[in-house]
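Right, one structure below, let's go through it.
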Amino acid sequence: MIDTNLLKFPENKIQELMSHYREILSILGEDPEREGLLKTPERVAKAMLTLTRGYDVDPKEVLLAAKFKEDYNHMVIVKDIDFFSMCEHHMLPFYGKAHVAYIPDGYITGLSKIARVVDIFSHRLQVQERMTLQIKECIQEALNPLGVMVVVEAKHMCMQMRGVEKQNSVTTTSDFTGAFNQAKTREEFMNLINR
């Protein structure tokens, strides 16, 4: 887990974002010089840079840095990977769990690297469908396994706070390659993550 208080951002980015957030506060009818709002533009600027830090990291390189030759060709599953992301349509959070499986073909990667890939793609402005696809493609390209499957389950604040305001809806997306094209292999994965 990354301690976001230790993240360092370029001062020019912070200053530029701060000026825009001061302006937004004014447009909304607030006084940016009011005591409670004095530090809000800086806090929001740093929060946005934290929430979008995934642009600065190459997820494929993360996997390749921990790629090991191993004669193992059965399913490897990392499930219940918590994530938080920002919907690119409303810039509101969506959050949930990702479940990732791959079947190695001579190479494995460190298990934490799978979670790190989810973290990198989720820390970008996203739609859930694209994030699911990107995670799958990244693992497939970096490790060239016999197959990859990704299932993402998320709640979207843009559906809970605005629009239809449905509090308990969960969106599930999936994508797969290779061996997971076989229904039996997909079923095994789904049974294992639903235990």
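Coordinate-derived values only; no laboratory data. Since this is a predicted model, take the numbers as computed values, not measurements. For neighbour counting, all protein chains shown are included, and Cβ atoms are generated from backbone atoms with ideal geometry for every residue, glycine included.
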query = So for region 1-74, taking the charge dipole from beta-carbon charges (+1 Lys/Arg, -1 Asp/Glu), which of 10, 52, 72 sits furthest toward the positive end?
reply = 72
ask   = Along region 180-195, what does the Karplus equation 6.51 cos²θ - 1.76 cosθ + 1.60 (θ = phi - 60°) give for ³J(HN,Hα), rounded to whole Hz, x for Gly and Pro?
value = 6, 5, 7, 4, 4, 5, 4, 4, 4, 4, 4, 4, 5, 7, 8, 5
remark   = Taking a straight Cα-to-Cα line shorter than 24 Å from residue 166, and setting aside same-chain lysines fewer than 8 residues away, one finds 97, 155
remark   = Restricting to aspartates and glutamates and to Cα separations under 19 Å from residue 13, and discarding same-chain partners fewer than 8 apart, the set is 23, 42, 56
ask   = For the chain, what is the calculated [θ] at 222 nm in deg cm²/dmol (nearest 500), taking -39500 (n - 2.57) for each run of four or more DSSP H residues and dividing by its residue count?
value = -12000 deg cm²/dmol
query = Given N residues in the chain, what is Rg(Cα) / (2.2 N^0.38 Å)?
reply = 1.20
key: Qualifying lysines (Cα of each under 24 Å from Cα of residue 8; at least 8 residues distant if same chain)   = 39, 46, 60, 113
remark   = The long-range amide H neighbours of residue 146, using H built 1.01 Å from N in the peptide plane and a cut-off of under 5 Å, are 103, 105
remark   = Rg/Rh over Cα atoms for region 138-188, Kirkwood Rh, comes to 1.19
message = Please report the spacing between the Cα centers of region 60-113 and region 168-195 in Å, no decimals.
response = 14 Å
message = Using the Cα centre of the chain as origin and beta-carbon charges of +1 (Lys, Arg) and -1 (Asp, Glu), tell me which of 62, 114, 128 is placed farthest towards the positive end of the dipole.
response = 114
request  = Determine, at each q value in 0.12, 0.13 (inverse angstroms), the log₁₀ of I(q)/I(0) that the Debye formula gives when each Cα of region 55-169 is one equal point scatterer.
outcome  = -0.43, -0.50
